[in-house]
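Trainee: My questions will all concern the structure given below.
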Amino acid sequence: MSAAESPPPTPPSRPVRDDELRFKTVTAAPCEWIEAYRPGGYHPVSLGDVFDGGRYRVLRKLGGGSYSTVWLARDEREKKYVALKILVAEASTEVNEVRILRHLAAAASQAEAQRHVARLLDEFEHRGGPNGTHKCLVFEPMGPSVNAMVEELPQFKPRRWDMKVRYPPRMARSILKQALEALAFIHSKGVAHGDFQPGNMLFGLRDVDSVPEGELRQEEEEDGGKRLISRPVERLDGKLDKWAPRYLCIAQSLAAFTCYDENLTIKLSDMGGAYFFDDPPPKVIVPRGLRPPELILNAALLRAAL
């Protein structure tokens, strides 16, 4: 067997060094870091994949972060759409997000919890992937974040170079009011969000379950203003990789199905950094530019005391 035909070496089960990079750089696309497809890392997902014994079928990439990818899926049992969050394997053993969401659901009425926080519908483990066992969380599908949605408002299309992209005052007031109500709700239950910022405030959708599946699948056409479905994944050594997908899907939000009129709804999401007041984490995850004064000052005082 020649070197080109021999199987590639197993990547390390830790963040890789620069001299251990396996892939050609994937550019010009909002995708997760391809080198994180390794033992303990992301689960490789392709459009059309099914999970939990065939119950959930993947239709579209919604987004992702350092510890998960998020997909729009069809719940074949309940005949509705869901958001499927697949955690990296190394973060799947003890999921704080689930513990917090269970607590909020138990400590509040169902209507109260659903009004303020993206609702957890199901959870299961996905085994048999090349990178380990992955905790999967199933949520109600939501629209773009407050960070992203402003770019999708019709008054800003087509964009002009001198255009100021801001929410209209009425929308800004409603967004802020609902976000603060959500924060007050989880505080009343003894929980801090840990990463309260516009990227974790999501817009609600219209009645998306009535939308035909064909309109929700990942866009594939290159022409007509639509984005490409994916970016190809290629190893530097030319070999076929066993731990990464064949392509990285570009995240495509559900902006077209988002309710942004007077009935707009905002919910908090991503409780992965949340914690109980009596059990704060040792490390702050809020971006520096978004940290409140008391968090900055307390951290400074702590460093001075050490």
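The values are calculated or read from the model by the stated rules, or taken from the named source; none is laboratory data. Remember, predicted model here, so these are calculated numbers, not experimental data. Because the Cβ atoms are built from the backbone with ideal geometry, glycine has one as well, and the counts that use them run over all protein chains shown. When the accessible area is computed, the model is the full protein with side chains, heavy atoms only, and any ligands, DNA or RNA have been set aside. Shrake-Rupley method; radii C 1.70, N 1.55, O 1.52, S 1.80 Å.
Trainee: Could you pull out the longest piece of the chain with no exposed loop chymotrypsin sites (Phe, Trp or Tyr not before Pro) in it, calling a site exposed if DSSP puts it outside H, G, I, E, B and it has at most 14 other Cβ atoms within 10 Å?
Mentor: On the way: sites that count: Trp161, Phe277.
Between exposed loop sites, the widest span is 1-160.
Trainee: Can you grab the distance from the C-alpha centre of the stretch 5-21 to the C-alpha centre of the stretch 152-189, Å, no decimals?
Mentor: 43 Å
Trainee: At 15 Å minimum axial length over the Cα atoms and a Kyte-Doolittle cut of 1.0, report the qualifying DSSP H helices in the chain, or say none.
Mentor: Values: long enough: 96-107 (16 Å, 0.21); 169-188 (28 Å, 0.30); 293-305 (18 Å, 1.06).
Taking the DSSP H segments of the chain (at least 15 Å long, mean hydropathy at least 1.0), we get 293-305.
Trainee: Right, something else. At 1.002 mPa s and 20 °C, plugging the Kirkwood radius over alpha-carbon pairs of the stretch 224-284 into Stokes-Einstein gives what diffusion coefficient in µm²/s? The partial results should precede the final answer.
Mentor: Working: Rh = 17.0 Å.
D = 126 µm²/s.
Trainee: Write down Rg/Rh for the chain, rounded to two decimals, with Rg from the C-alpha atoms and Rh from the Kirkwood relation over Cα pairs. Intermediate values should be presented prior to the final figure.
Mentor: Values: Rg = 20.7 Å, Rh = 21.2 Å.
Here the Rg-to-Rh quotient is 0.98.
Trainee: Let me have the 222 nm mean residue ellipticity of the chain computed from DSSP H runs of 4+ only, each contributing -39500 (n - 2.57), with the sum over all residues rounded to the nearest 500.
Mentor: Value at 222 nm, helices only: -5500 deg cm²/dmol.
Trainee: Could you list log10 I(q)/I(0) for the stretch 152-199 at q = 0.17, 0.21 Å⁻¹, which the Debye formula gives when each Cα is one point scatterer?
Mentor: Values, matching the q order: -0.66, -0.80.
Trainee: I've got another one for you. Largest first, how would Val117, Val70 line up by accessible area (1.4 Å probe)?
Mentor: My answer, sorted largest first, is Val70, Val117.
Trainee: Then there's this: Counting only protein heavy atoms and a 1.4 Å probe, tell me what percentage of the stretch 69-173's accessible area is made up of carbon and sulfur.
Mentor: C and S fraction of accessible area: 49 percent.
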